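The block underneath contains the structure these notes are about, expressed in structure tokens.
The values are calculated or read from the model by the stated rules, or taken from the named source; none is laboratory data. This is a predicted model, so every value here is computed, not measured. In case anyone asks, the SASA skips ligands and DNA or RNA and just uses the protein heavy atoms, side chains included. Shrake-Rupley method; radii C 1.70, N 1.55, O 1.52, S 1.80 Å.
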Amino acid sequence: VGCEDGSVQLFHVVPGGVQYERSLERQQGRVLCLAWHPSGARIATGSVDHLRVLDIASGRAVQRIMVNYHSPKGKTPECVVWSVAFLASGAVASADSFGRLQFWDWDTGTLLESHAVGASAALSLAVSEEEDSIVVGTSAGATYQFQLLPVKMGSQEKRWVRTKPFQYHTHDVRAVAHSPTALISGGLDGQLVIRPLMERVQKKGYEAALRKFTFPHRRLVSCARKARLLLFQFSQHLELWRLGSTNESGKDGEVLPVCRVPEHLVQLKSKGPEHIYCSCVSPCGGWIAYSTASRFHLYRVHYEGDGVSIEKVPNVPKLPLPAYQLQCSADSSSLFVASDEGSVHVLQLLEPGGCKHLHTLRPPSGTPEAVYLLAPSADGNWLAAASGDWEIHVYSLKRFKHHCVVPMYSCAVTALAIHPVTNNLVIAYADQQLFEFSIPEKQYTAWSRTVQNDGLHKAWLERDSPITHIAFNPKNPSHILLHDVYMFCVLDKSLPLPDDSASLMNQSALKQLPATARKRQLHAFKICKKFQPLLFADLLDENCLVMVERPIMDIKTQLPPAIQQKKFGT
């Protein structure tokens, strides 16, 4: 860890945290960045105007390199080293505020190569595992790739060459990473961009697509269906809203007048600097729970006419933190807390305002990974839990015992839910595949086997936004409701799956056809892209669906001004 006082402190990573070992020699000025040598014997640090190399065994600085030039005419502006990388060859790569990528020999302290990245500051850099490619992020929102190439064909001498510029961000690119097949960048504009390297991708498919992510792939909104409430999770506070209502009805596309406007009921602020990791509101609206990295909070909400009062539940059971997801049972009598090592803690919610620890559910084989997705059944009999090792375990809540494990699939789970009528578990994976698993029978359903045999539509599989929520319509058991950030979909299991020659989004075209022709072209997917970016969608009752959008412009207006760039012809 590089510190403001100029020291570098070493810590041992131990189960459940870190343990201080010792401090290395303190330097003048704060440490802004650091990097290990692959051997673990040395550390390179960057600060204002200087690079230093520290020896781990002795704890002393063995090299001090001045990266700034001194002007004979006057004061030289400060050169801030924002990022460093220590290569196995002994070269130290540095990215600085002058917009340069430089390579230094750590042993002699001499400059090997210098490249002007751009007119703006170079803020971040990352090196590929083979150390033949570097990605650099700048304050103008651009990312650049540098490759180590032969000076000429057949030559053993190699030099770093800037090969590919990319402009996918509008603001500072503060973080970059280099995977075997892609360049990954994170910007101050809130976007995560994955740019595939086509020469390293074996075949056209999911890995070959450019992907941009603006919102986290986790639930930030929870719904109290019975009370018609929504709980919004922000970084350091929660907001509870009562939904509006209307007495009117109309045609498709019409906006109905409301007889009751949405009402902001409660704002619950988290104490301290820690961000809220997860939260939930019970279906009855009477309980709110949230967790930070080190604290778990439970509140009882009372409704008296139009007034709302909230009180903290005392003496909450001590649980291993953080909680990775919180979920209430359908009858609001239990709270499930996803935790480390595959465990799920079951808390009983007591009237008028208390709770007690009932049981801890654990997989029989054990796992070091945390549970990050939970799905309780509507009848209160089952609980499905997905962990970071991609396994899904199903538990019986009546006996508090492990029931079965879903056959493992080679991809991360992005959403799962249990059907309220059939108790079938519907699972969405990161590669857009869908599975349906019968919990009572402990096997995939016939419909799920048909999906895997026939395959899903090509356009569906090429989507770059994962399914983040699954819901069901009790009135029509064959309907599965799915959504990602850019679309809402009703999947009708009673209709045939479309083949690649058919149009996946064919609703507007079907409306123009006569009834007989329409029946021939019907397929299982009904997709709506009217609402986006879509953070949440769920069925309140048989006739009411709630959707939560988060307009991009709301976020962009809060960002600092971007660096103005001269464009040709303006």
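Quick notes on this one:
- For the stretch 8-213, the Kirkwood hydrodynamic radius from C-alpha pairs, put into Stokes-Einstein at 25 °C and a viscosity of 0.890 mPa s, yields a diffusion coefficient of 135 µm² per second.
- Relative contact order (%) - the stretch 330-464, alpha-carbon pairs under 8 angstrom, separation at least six: 14
- Per residue, the chain exposes 51 Å² of accessible surface when a 1.4 Å probe is rolled over the protein heavy atoms with every protein chain present.
- Global form of the chain, assessed from the alpha-carbon gyration tensor, a/c cut-off 1.5: prolate
- Counting only heavy atoms of the protein chains and using a 1.4 Å probe, Phe86 has close to 10 Å² of accessible surface.
- Relative contact order %, the stretch 287-378, counting alpha carbon pairs below 8 Å whose residues are six or more apart: 23
- For the stretch 382-395, the Karplus equation 6.51 cos²θ - 1.76 cosθ + 1.60, evaluated at θ = phi - 60°, returns couplings of 10, 9, 9, 9, 9, 10, x, 8, 6, 8, 10, 10, 10, 10 Hz by residue, with Gly and Pro reported as x.
- For His237 and Ser396, the difference between the fully extended length at 0.36 nm per residue and the C-alpha to C-alpha distance is 53.8 nm.
- Cα shape, the stretch 431-550, gyration tensor, a/c 1.5 rule: rounded
- Couplings for the stretch 42-59, taken from phi via the Karplus curve 6.51 cos²θ - 1.76 cosθ + 1.60 with θ = phi - 60°, read 9, 10, 9, 10, x, 9, 6, 6, 9, 10, 10, 10, 10, 8, 5, 5, 8, x Hz in order; Gly and Pro are left as x.
- Rg and Dmax over the alpha-carbon atoms of the stretch 204-247 stand at 16.8, 51 Å.
- Calculated mean residue ellipticity, 222 nm, the chain: -1000 deg cm²/dmol, from DSSP H runs (n ≥ 4) at -39500 (n - 2.57) each, averaged per residue and rounded to 500.
- Put simply, the amide H of Cys355, placed in the peptide plane, has neighbours under 5 Å in Leu350, leaving out anything fewer than 5 places away on its chain.
- Across the chain, the relative contact order, built from alpha-carbon pairs under 8 Å that are at least six residues apart, equals 5 percent.
- Cα-based Kirkwood hydrodynamic radius, the stretch 1-116, one decimal, Å: 14.7
- When Rg and Dmax are taken over the Cα atoms of the stretch 274-406, they come to 14.7, 50 Å.
- Relative to the current alpha-carbon distance between Ala175 and Thr557, full extension at 0.36 nm per residue lengthens the span by 135.3 nm.
- For the listed residue pairs Lys312/Lys356; Lys398/Lys475; Lys458/Lys526; Lys271/Lys312, the alpha carbons are over 25 angstrom apart in Lys398/Lys475.
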